[in-house]
Amino acid sequence: MGMIEILLNGLFGGGRNVVRETAEVFRVNAEAEAGRELTLQHASLEQFAKEFRLERRSRFDRFMDALNRVPRPAMALGTMGLFVAAMVDPVWFAARMAGIALVPEPLWWLLAAIVSFYFGARHQAKGQDFQRDLAATIAAVPQVVQTVRDVEALRDVSPAEPTPAGEPAVETTERNPALDDWRATR
């Protein structure tokens with residue numbers, strides 16, 4: 001018993017687990033990693049809560065947040081309003097469009113640049129999300145193709161007909177060399 005006890009104390013003695021500590025050199029301790037991730041998530045949520053706490057935000061911050069939400073709905077509703085105006089009062093609408101025709105081209109370019117910069121960042125973020133989803137879908141294609149092939153292969157297999165005792169079973173269309181060798185030895 002003394003030799004085994006010395007060996008076990010060498011491996012696990014002193015309140016340490018040498019095997020576990022050695023294994024952690026090669027593989028991350030999943031429980032400790034989950035704890036670190038939980039701590040990080042809590043810290044992130046606390047940061048967001050501090051940043052977006054309503055009672056601490058000034059009137060200016062709340063006004064700017066509201067103002068940032070205006071352009072997209074205003075442009076969409078304004079465009080629909082133009083269609084309604086063209087149907088309700090075509091003369092009034094024609095006069096306004098004639099006025100817009102007098103706007104110089106550089107001013108149109110400036111408007112296009114402002115709108116592009118405003119919506120460009122959102123478009124880029126959405127485009128990157130789309131490309132990421134597309135890449136994940138494309139990565140799944142080989143598995144889907146294999147699954148379809150497996151299912152299609154099941155279509156060709158018909159259940160074997162029951163045979164009377166002592167008679168050999170009906171062979172399928174595919175040959176099995178190992179089975180043929182076994183039958184030859186009988």
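Sequence-ordered 3J(HN,Hα) estimates for region 76-91 from the Karplus curve with 6.51, -1.76 and 1.60 and θ = phi - 60° stand at 5, 5, x, 5, 5, x, 4, 5, 5, 4, 5, 7, 6, 9, x, 5 Hz, glycine and proline given as x. Karplus-derived 3J(HN,Hα) values for region 126-133, using 6.51 cos²θ - 1.76 cosθ + 1.60 with θ = phi - 60°, are 5, x, 5, 4, 4, 5, 5, 5 Hz; glycine and proline are entered as x.
Values quoted throughout were computed directly from the atomic coordinates according to the rules given, and no laboratory measurement underlies them. Quantities reported herein were computed from a predicted structural model and do not represent experimental measurements.
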